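Asker: Handing you a structure now.
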Amino acid sequence: MELDSKLHGPTQCITVKAARIDAASAIQFKDAIRATTESGPAHVVLDLSEVKFVDSSGLGAIVAVMKHMGPERRLDLAGLTTACAVIPDPALRERFASATKGLLPDGNVLGLVAAEAAYREGEPWRQALLSILRGHRARLIDAIAAWPGVTMQAPESTYLAWLDMRAAGLGEAPHKTLLKEARVALSDGAAFGHPGFVRLNFGTTAAQLGTAKDLPTIAGVEPSLDLWFAKVRDGQFTKEHTIPAGLTFTRASTATRFGANGLLQSAATDVPRINYDPVTGECKGLLIEESRTNL
């Protein structure tokens, strides 16, 4: 059985390139998955989006693979092709069902069970995801605000941001300029009826989103003042931290801050304090306090 295996950070994603997992192919499927995951990471995602039919033998093979991986590893199933379309209007609902018949997959037991589990147990995960997306949106807004000639309306219910680049000086097809100069592929607004715009997907990792902050510089526009203290690489805050060039900092006495190792440290006179979260290690930026007199 053909499998497509790719590593995404600490996760191994395996796509089953077959239409059926049944009694005729269950043993072959089980052996192939075991061989593919034998020395892989602890988290494996099995993508079943191309599988149209799974019988009891196939389901037993999936369970056998899960047991073989052991309790210290995790197997998640994806691509179970079950979704909801809420259409209150009966006539419109009938038109939708008729137009999509044969184009969308029918409901299946695994997909329905997964959907029910998501609705019942998935709210903490959804809230955590929303928190990440809101943080990404805030970072993107700050980055675009420092880019002369580029504007963006903050999206409220999506992870897709539309950037108006008509005044950015990047030509009639800014997406091509950004691809050539910055090696960043954004969607061309002309394909959606809005030439001069580009679409950016910020539903990604912090490391990849960090490229958005660098776009003005890469495209030849240098911000007048860069207050991006915390650098990000591979989703983690690095220890490359400093105040922006051209910014002068003074303080008349010594002071304390939390270092990247989580320990309280002293900073000498006139030395800026780049503060860190003592628990997560996240760089919190430049620590500034009002002047006080000890009595």
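Asker: Only residues in region 184-200 that are touching a residue at least 24 places away in the same chain (Cβ under 8 Å) and under 11 Å from Ala173 (Cβ atoms) count as the first member; pair them with residues that are buried (at least 20 other Cβ atoms within 10 Å of the Cβ) and of a type in the set (Ser, Thr, Tyr), Cβ under 8 angstrom, at least 6 apart or cross-chain, and list the lot.
Answerer: none
Asker: Which residue out of Arg126, Arg137, Arg73 is within 23 Å of the chain's Cα centre (by Cα) and crowded, with 16+ Cβ neighbours inside 10 Å?
Answerer: On the way: Arg126 fails: crowded, with 16+ Cβ neighbours inside 10 Å; Arg73 fails: crowded, with 16+ Cβ neighbours inside 10 Å.
Result: Arg137 is the single residue among Arg126, Arg137, Arg73 that is within 23 Å of the chain's Cα centre (by Cα) and crowded, with 16+ Cβ neighbours inside 10 Å.
Asker: Looking only at region 1-38, which residues are among the hydrophobic types (A, V, I, L, M, F, W, C) and touching a Phe, Trp or Tyr at 6+ places or on another chain (Cβ under 6 Å)?
Answerer: At the first step, the residues of region 1-38 found to be among the hydrophobic types (A, V, I, L, M, F, W, C) are 1, 3, 7, 13-14, 16, 18-19, 21, 23-24, 26-27, 29, 32-33, 35.
Across region 1-38, the qualifying residues are Met1, Ile21.
Asker: Given (1) surrounded by fewer than 14 Cβ atoms within 10 Å (Cβ to Cβ); (2) in contact (Cβ under 8 Å) with a residue 12 or more places away in the chain; (3) in a loop (DSSP other than H, G, I, E, B), where does Leu112 come up short, assuming only one miss?
Answerer: All conditions pass for Leu112, except number (3).
Asker: Next question. Would you tally the residues in region 150-172 being within 18 Å of Gly210 (Cβ to Cβ), in a loop (DSSP other than H, G, I, E, B) and in contact with a Pro (Cβ under 7 Å, 6 or more places away or on another chain)? Give the steps one after another, and end with the answer.
Answerer: First, the residues of region 150-172 that are within 18 Å of Gly210 (Cβ to Cβ): 150, 152, 159, 161, 163.
Keeping just the survivors that are in a loop (DSSP other than H, G, I, E, B) gives 150, 159.
Next, from what is left, pick out any that are in contact with a Pro (Cβ under 7 Å, 6 or more places away or on another chain): none.
Counting residues in region 150-172 that are within 18 Å of Gly210 (Cβ to Cβ), in a loop (DSSP other than H, G, I, E, B) and in contact with a Pro (Cβ under 7 Å, 6 or more places away or on another chain) gives 0.
Asker: Going through region 54-68 one residue at a time, which ones are surrounded by fewer than 19 Cβ atoms within 10 Å (Cβ to Cβ) and not charged (D, E, K, R)?
Answerer: Initially, region 54-68 is screened for residues surrounded by fewer than 19 Cβ atoms within 10 Å (Cβ to Cβ), giving 55-57, 59-60, 63-64, 66-68.
Those that are surrounded by fewer than 19 Cβ atoms within 10 Å (Cβ to Cβ) and not charged (D, E, K, R): Ser56, Ser57, Leu59, Gly60, Val63, Ala64, Met66, His68.
Asker: I've got another one for you. Could you grab me the full set of residues in region 6-53 that are closer than 21 Å to Arg73 by Cα, surrounded by 15 or more Cβ atoms within 10 Å (Cβ to Cβ) and not β-branched (Val, Ile, Thr)?
Answerer: Narrowing region 6-53 to residues closer than 21 Å to Arg73 by Cα: 6-16, 29-48.
Next, only the ones that are surrounded by 15 or more Cβ atoms within 10 Å (Cβ to Cβ) stay: 11-16, 29-30, 32-33, 36-37, 40, 43-48.
Scanning region 6-53 gives Gln12, Cys13, Phe29, Lys30, Ala32, Gly40, His43, Leu46, Asp47, Leu48.
Let's see how each residue does on (1) at pLDDT 90 or above; (2) touching a helix residue (DSSP H, G or I) at 6+ places or on another chain (Cβ under 6 Å); (3) within 23 Å of Val109 (Cβ to Cβ):
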| position | (1), (2), (3) |
| --- | --- |
| Asp22 | yes, yes, yes |
| Asp31 | yes, no, no |
| Ile62 | yes, no, yes |
| Gly70 | no, no, no |
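Asker: Oh, and also: For region 271-292, what are the residues that are surrounded by 12 or more Cβ atoms within 10 Å (Cβ to Cβ) and assigned to a loop (DSSP other than H, G, I, E, B)?
Answerer: Of region 271-292, the ones surrounded by 12 or more Cβ atoms within 10 Å (Cβ to Cβ) are 271-278, 281-287.
Passing the criteria: Val271, Pro272, Arg273, Asp277, Pro278, Gly281, Glu282, Leu287.
Asker: Just name the residue that is modelled with the lowest pLDDT out of those in region 173-214 that are farther than 25 Å from Leu129 by Cβ and not in a helix (DSSP H, G or I).
Answerer: Across region 173-214, the extreme among qualifying residues is Arg183.
Asker: Among the listed residues Trp147, Trp125, identify the single one that is touching a Pro at 6+ places or on another chain (Cβ under 6 Å) and either on the phi < 0 side of the Ramachandran plot or assigned to a helix (DSSP H, G or I) (or both).
Answerer: Numbers: Trp125 fails: touching a Pro at 6+ places or on another chain (Cβ under 6 Å).
That would be Trp147, the only listed residue that is touching a Pro at 6+ places or on another chain (Cβ under 6 Å) and either on the phi < 0 side of the Ramachandran plot or assigned to a helix (DSSP H, G or I) (or both).
Asker: Can you give me the number of residues within region 42-88 that are in contact with a Phe, Trp or Tyr (Cβ under 8 Å, 6 or more places away or on another chain) and of a type outside the set (A, V, I, L, M, F, W, C)?
Answerer: Within region 42-88, residues that are in contact with a Phe, Trp or Tyr (Cβ under 8 Å, 6 or more places away or on another chain) and of a type outside the set (A, V, I, L, M, F, W, C) number 1.
The values are calculated or read from the model by the stated rules, or taken from the named source; none is laboratory data. Bear in mind the structure is a predicted one, so any value in this text is a computation, not a measurement. Heads up, the Cβs are rebuilt from the backbone with ideal geometry, glycines too, and the neighbour counts pull from every protein chain shown.
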